[in-house]
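Working notes, beginning with the structure itself.
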Amino acid sequence: TTEKDYGMCVRRIALALTAFLMGMTGGCLAQNFDDSFRDQTLRLDYIFSGDNRSQQIYLDEMRKSEGWYGRRVHLDSLLLKGNGQITVADTMGVVLYRHSFSTLFQEWQVTQEATRVKKSFENVFLVPMPKAPVDITVSLFDTHGRVSSSMKHRVDPADILIRPVGEMCRWEYLRTGGDSRGKIDIAFVAEGYQPDQMNIFRRDCQETIEALLAHEPFHSMADRFNFIAVYAPSEDSGVSIPHEGLWKRTATASHFDTFYSERYLTTLHLKQLHDLLSGIPYEHIVILANTDNYGGGGIYNSYMLSAAHHPTCKPVAVHEFGHSFAGLGDEYYYDDQYETLYPADTEPWEPNLTTLVDFSAKWQDMMPPKATVPTQPSGKNLYSEVGVYEGGGYQSKGVYRPSQECRMKINEAPVFCPVCQRAIARMIDFQTK
């Protein structure tokens, strides 16, 4: 046995013992980032494909860059289950890092188009670079929270085919809370701004940051964040609007009409998006689109995209950030065309929605004395009175929200409700404390 092999064995035994002790003590032993990881980022590009009945996961490419800007605490833990998870474990099975997410692919799977055709979607995940070979598992869940597809592969950090990232865009800090290793780095990416419009983009970033920080708990926890402007130039000004026959050549190739919904503004080109961010400190992504059309989109732990110049752009941006950053669900509802998203026998993982299957895990502890379940709307204290109000998650029946009105329900709401505020604060703490 070589000295290197001996050292690796000792390290694995130590990690296994740590994992055992954490299990015995309720997880109170903290992981040390430097024990398992380098100060580098491993970027993993995947292709998710399938239709409404099946899904497959394929590894596309791996890249690396200097610096790790994600969380360095709670490495092997999850705050929210998400619609999918990526797990990094050593070759003995000890979990070193976990990350949950949602994807546009899974949203697409419940559309009518998915009943007629198979499609593939790009997905990109960032994990800290391991010091030794690891096994990485990517799992996707169905609407009942059950594993619907999973893929496991080994990654050797010494693999010569892990490609270094290329050149970065011009960027700057707009507001800093401190060293990236202990803060949450939010990158604002220009979409549809030509080189001579970057002064407009910078102003749009500043206004969006101010709108976000005007909401609690972002306001009182502003020192936990770094905000970065990424000056990604586009050939054309504006963004693509397919229902108007308008296609633009833009930095992230975003467009309205996602899944044939006119106001749904997203990009399917996640590799292109992350290429723009190469070498830049970031862990969450905000894309501002140079358009006055109404629309946007937010995908948990992927990105949020918002029109920058519509009259309601600021509340929309804050709403979409609630999705992408904190995993909050939509609290509005209408015709039950998406009823299969929240089955009656399954508790949603989103912290602000419940089917009452496991309400004790949600906001039951925040309910006022003698409150009824469900709660009848009173028309008073619209934003602050916690209850169990029927209608949410696109469904008028069977799904419940915590307040009569909230930033996650209507654009007119000036605040997040108390339950959403607590969920956001917990996410901020999870990533920084």
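List of remarks:
- Area of MET198 that stays accessible when all protein chains are in place (1.4 Å probe, Å², to 10): 20
- Subtracting the Cα-Cα distance of THR372 and SER220 from 0.36 nm times their residue separation leaves 51.5 nm of extension gain.
- 18 Å cut-off, amide nitrogen to a point 7 angstrom out along ASP142 Cα→Cβ, residues in segment 29-72: 49-57
- Förster radius 30 Å - calculated FRET efficiency between LEU79 and GLU210 (Cβ-Cβ, nearest 0.05): 0.65
- Going through (i) 26.3; (ii) 22.6; (iii) 24.6, the figure that equals Kirkwood radius over Cα pairs in Å as computed for the structure here is (ii).
- The GluC sites (Glu not before Pro) found in segment 118-202 that occupy coil by DSSP, while having at most 15 further C-beta atoms within 10 Å, are GLU167.
- Counting only DSSP beta bridges whose two residues both lie in the chain, roughly 75 percent are antiparallel.
- Accessible surface area normalised per residue over the chain is 44 Å², counting heavy atoms of protein chains with a 1.4 Å rolling probe.
- Over the chain: helical MRE at 222 nm, DSSP H runs n ≥ 4 each giving -39500 (n - 2.57), nearest 500: -6000 deg cm²/dmol
- Helices assigned as whole DSSP H runs in the chain whose Cα atoms extend at least 30 Å along their own long axis and whose mean Kyte-Doolittle hydropathy is 0.0 or higher are found at 3-24.
- Rounded to 0.05, the FRET efficiency of the MET198 and LEU246 pair, given R0 = 30 Å and the Cβ-Cβ distance, is 0.85.
- Centroid-to-centroid separation of segment 300-319 and segment 367-409 [C-alpha atoms, Å]: 24
- The value for segment 101-230 of Rg(Cα) / (2.2 N^0.38 Å) is 1.40.
- Filtered trypsin sites (Lys or Arg not before Pro), segment 235-283: DSSP coil and at most 15 other beta carbons within 10 Å: ARG249, ARG263
- Debye-sum result for segment 177-319 in log10 I(q)/I(0), which assumes one identical scatterer on each alpha carbon, at q = 0.11, 0.20 Å⁻¹: -0.37, -1.24
- Highest mobility in the GNM of the chain, judged by mean-square fluctuation with C-alpha springs under 10 Å and restricted to LEU270, LEU75, LEU59, is found for LEU59.
- Highest-fluctuation residue, GLU347, GLU390, GLU207 considered, GNM on the chain with Cα pairs under 10 Å: GLU207
- Centre-to-centre, using Cα atoms only, segment 57-105 and segment 157-211 are separated by 21 Å.
- Dipole check for segment 310-413: with +1 at the C-beta of Lys and Arg, -1 at the C-beta of Asp and Glu, and the Cα centre as origin, the magnitude is about 400 Debye.
- Dipole magnitude for the chain: about 820 debye, using +1 per Lys or Arg Cβ and -1 per Asp or Glu Cβ, origin at the Cα centre.
- Gain in span if fully extended, LYS118 to MET151, counting 0.36 nm per residue against the direct Cα distance: 10.0 nm
- On the beta carbon distance between HIS309 and SER384, with R0 = 30 Å, the FRET formula returns roughly 0.45.
- GluC sites (Glu not before Pro) restricted to DSSP loop in segment 208-316 with at most 12 other C-beta within 10 Å: GLU235
- Long-range HN-HN contacts of GLN40 with modeled amide H, under 5 Å: GLY67, TRP68, MET129
- Fraction of accessible area attributable to carbon and sulfur, the chain (%, probe 1.4 Å): 51
- Amide H partners (placed H, <5 Å) of ALA289, local residues excluded: SER306, ALA307, ALA308
The values are calculated or read from the model by the stated rules, or taken from the named source; none is laboratory data. As the structure is a prediction and not an experimental result, all values here were calculated from the model. All Cβ positions, glycine included, derive from the backbone under ideal geometry; neighbour counts span all protein chains shown. The area values use the complete protein model at the heavy-atom level, side chains included, leaving out ligands, DNA and RNA. Shrake-Rupley method; radii C 1.70, N 1.55, O 1.52, S 1.80 Å.
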